[in-house]
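The values are calculated or read from the model by the stated rules, or taken from the named source; none is laboratory data. All of these numbers come straight from a predicted model, not from anything done at the bench. FYI the Cβ positions are ideal-geometry reconstructions off the backbone, even for glycines, and counts take in every protein chain you see.
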Amino acid sequence: MTAGTDRTPTTTAALTPDPSAAAPIYPAPGAPRGPRANPPVLIGSAALIGAVALWAILAPAQAGVVIGAIVTWTSQNLGWYYIVTAGIVVAFVLFLALGRTGATKLGPDHARPQFNLFTWTAMLFAAGIGIDLMFFSVSEPISQYYEPPTGGGQNIEAARQAIVWTLFHYGPVGWAMYALMGAAFAYFAYRRNMPLSIRTLLSPLFGRRMDGWAGHTVDIAAVLGTVFGIATSLGIGVVQLNYGLHQLFGLPEGVGAQIGLIVLSVLMATVSTVSGVEKGIRRLSELNVILAIVLLVYIAATGNTRRILEGLVMNVGDFLSRFPGMLLDTFAWEQPDTWSSTWTLFFWAWWIAWAPFVGLFLARISRGRSLRQFVLGVLVVPFLFIALFISVFGNSALELVIGGDDAFGQVAMATPERAFYDLLAQYPGATLLIGLATLTGLLFYVTSADSGALVLANFTSVIEDPKQDGATWLRVFWAVLTGVLTLAMLLVGGITTLQGATLVIGVPFSIVLYLVMISLYRALRSETQQVDSFRATLVARSGASEHSWRSRLRRSMSYPQRGATLRYLERTVAPALQEVASEMREGGAEVDVERQDVEGHPVPSLVLRVRLPGCDDFVYQVHPVAQPMPSFAVRVAPEDDDYYRLEVFTATGSRGYDVYGYSSEHLITDVLDLYESHLEYLRVSQGGVDGALASAVTTDWHEDFPAVEEDPEGPSADGDPARGDRADEDRTDDEPTPVR
């Protein structure tokens, strides 16, 4: 049923499982259409990416010169802008997590996380980092030790600061950008029931204008940033894997081998991505982390364990003490432009380019978590592993250089893709270690590729249901096109060109980050206004008192099965909601009452909706929630496995309480309490959030609650005393039937 539809009120049908009596008062809302390609975004982004790739392949020298000139101008004139943007994003996400908005669920109020903590952190880490962590965990500390941005290198202080710089570039700043985009995606998709797209995030600012070319442009910008960010990681990965395979099998290093690796990885990513998030990416993510932990433990155990552990503690302390000063350090007097464009500015641009990709993926796996849990989890949990990984491998590499192995250090600076493998070659069982590292790197590579293909398919699709993903053919298309762009950039100038292209592409999308912050703040402000409105109307409420202590006791001891629940809905809930609706209509309100069948359940839900043009509608829904019969339930037949709670739902999900056994007067009072709270919210918020968000209200919660098996014979008219469904005619309709 769509907003604003004029319906003639009808009476409530009997709520029995009989098909002839199961038709809703008004037709239920139509199911969302399946995912379909969005031609303007798909064609526009694919054409631009294809043009850049073709230019790089046909005129690599010219492309290298142009990209280099743009990178130089950007680092000299917009370096301060990148630094300020990073600081603002960090402050903003901490404000969201630690403030009043932190308790906001990324989903309905009753939602629970889909994945356990280990699986969740493994997936976000593997998708957010990938093989580049192996690349930079050795090469960057060595480079920072030899050539720090300020002061002299090759001393103890330079060694300490080298690890800190690496942690800084892989630390909370980049993950704050991921947290911003992920929180915005998850909030609008799972809390506001809107599509998973960049344009959705800007709806509070621009409203319906995002449905046209303004929205297409924003989505195209997100696709471009994502593709170049992924291509950079894949380019780094392919040259590093090429060297690893050269060490193991003598595979020649060069473009030919790298083309073969790109083709192989695209095929593996295609197989993984078409199998879906839970089957493909989830398993690869968990395996990635396990293999990386094996490498960590082996290096720590066979190396200088004392120095590694002491270095870890020292590095974390140095990072925590120096981070605030480093965050906004623009080196205004030293102006090391080459260093800045190679390191800090590149990393911030890279994180920005990856933010929509990783943010969307994080949103897909984070439904049901609170905003505070999401932000703090994204900022802290991956960084703990990153700090451990960088400290162990970085300090191990620095120990070699400080100990006199200058040749190793020079190779690590000149050809950084060799640094990780050359370090492993110093340890016992080097061949096995290199093989394990190559397998880990390949899985990191494939995880980034298939996650990217999944997200890019979503960006270039129209997806009405945020729990769905783009079509399989579209995922395959993006896996192939990303591989082609990676190859093109490698032909131009290798990793340096990929880094430069990322630095340039991050500038336009950084503007989108600012718009997302403003939009998310405006939307979350409505959450605090709803809480304030609920509290403000507490004094005016009459309360929900029971008729008598006996009625209260009977209700607390009742565990109604299907028959008793259906009778209560028919005899008490439906008449009470119709009575309220009739009174509201007499006052001029547009009110609907509908019966909605619940997929997988024999018991329907009842929904009262007050339509408020230009504002958030008021929704009061009595929804069945099947629960296993508790062990402490008394006088219940052994075969009774489930009972029903009739929980109250509003637009944000379950309120968490059961109204089974409420009298009609009690139910009406509860409706009015919530209605008055909603009106107060509209008053405080001056009509609620933007109208583009107000219509996205769902009353279908079946995916959040397990289905129960129906009794094939159905309930009898008189109930079944053994199942606690006996029709007690000596009781009033407003009292629950106790379990027998």
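For L117, which of the numbered conditions (1) surrounded by 20 or more Cβ atoms within 10 Å (Cβ to Cβ); (2) among the aliphatic types (A, V, I, L, M); (3) at pLDDT below 90 fails to hold?
Every condition holds for L117 apart from (1).
Of everything in the range 493-504 that's surrounded by fewer than 24 Cβ atoms within 10 Å (Cβ to Cβ) and among the hydrophobic types (A, V, I, L, M, F, W, C), which residue is modelled with the lowest pLDDT?
I495
Only one of these is surrounded by fewer than 23 Cβ atoms within 10 Å (Cβ to Cβ) and over 30 Å from I402 (Cα atoms): R191, R160, R209. Name it.
Exactly one residue qualifies, and that residue is R209.
Give me the pairs, please: first residue somewhere in the range 621-640 and on the phi > 0 side of the Ramachandran plot and assigned by TED's automatic domain parsing to the domain that holds E570, second residue anywhere and β-branched (V, I, T) and at pLDDT below 75, beta-carbon distance under 6 Å, and either six or more positions apart or on two chains.
Close Cβ pairs satisfying both conditions: R635/V739.
Looking at A97, is it buried (at least 21 other Cβ atoms within 10 Å of the Cβ) and either touching a Pro at 6+ places or on another chain (Cβ under 7 Å) or assigned by TED's automatic domain parsing to the domain that holds L376 (or both)?
So A97 fits the description; yes.
Could you tell me how many of the residues in the range 617-635 are in contact with an Asp or Glu (Cβ under 9 Å, 6 or more places away or on another chain) and modelled with pLDDT under 90?
Residues in the range 617-635 being in contact with an Asp or Glu (Cβ under 9 Å, 6 or more places away or on another chain) and modelled with pLDDT under 90: 6 in total.
Any idea which of (1) part of a helix (DSSP H, G or I); (2) over 20 Å from I230 (Cα atoms) is the one E464 doesn't satisfy?
The number of the failed condition is (1).
Consider T85 carefully, then state whether it is crowded, with 18+ Cβ neighbours inside 10 Å, in contact (Cβ under 8 Å) with a residue 24 or more places away in the chain and farther than 30 Å from W333 by Cβ.
no
Quick check on the range 646-656: of everything there that is at pLDDT below 90 and surrounded by fewer than 22 Cβ atoms within 10 Å (Cβ to Cβ), which residue is nearest to G207 (Cα to Cα)?
T652
Condition first: in contact (Cβ under 8 Å) with a residue 12 or more places away in the chain and either under 30 Å from A97 (Cβ atoms) or of a type in the set (D, E) (or both). Can you find one or more residues in the range 489-499 that meet it?
No - not one qualifying residue is present in the range 489-499.
Only one residue in D132, D109 is within 30 Å of L398 (Cα to Cα), in contact (Cβ under 8 Å) with a residue 40 or more places away in the chain, among the acidic types (D, E) and surrounded by 14 or more Cβ atoms within 10 Å (Cβ to Cβ), so which one is that?
D132
Could we say that G600 is under 29 Å from the mean Cα position of the chain (by Cα) and surrounded by 18 or more Cβ atoms within 10 Å (Cβ to Cβ) here?
Judged against the criteria, G600 is not a match.
Which of (1) under 30 Å from F92 (Cβ atoms); (2) crowded, with 17+ Cβ neighbours inside 10 Å is the odd one out, the single condition E399 does not satisfy?
Looking at each condition in turn, E399 falls short on (1).
Six or more apart or on different chains, Cβ under 7 Å: which pairs go from a residue in the range 345-362 that's under 13 Å from V378 (Cβ atoms) to one that's surrounded by 24 or more Cβ atoms within 10 Å (Cβ to Cβ) and hydroxyl-bearing (S, T, Y)? Could you list them?
From the range 345-362, the pairs are A355/Y178; V358/Y178; G359/Y178; F361/S451; L362/Y178.
Have a look at A214, A269 and point out the one that is modelled with pLDDT under 90, under 24 Å from A47 (Cα atoms) and either touching a Cys at 6+ places or on another chain (Cβ under 8 Å) or surrounded by fewer than 16 Cβ atoms within 10 Å (Cβ to Cβ) (or both).
A214
Can you work out which of the residues in the range 536-569 that are under 30 Å from P613 (Cα atoms) and either at pLDDT 90 or above or touching a Ser or Thr at 6+ places or on another chain (Cβ under 7 Å) (or both) is surrounded by the most Cβ atoms within 10 Å (Cβ to Cβ)?
L569
Take V138 and decide whether it is surrounded by fewer than 24 Cβ atoms within 10 Å (Cβ to Cβ) and either under 29 Å from the mean Cα position of the chain (by Cα) or in the same structural domain as G317 (by TED's automatic domain parsing) (or both).
no
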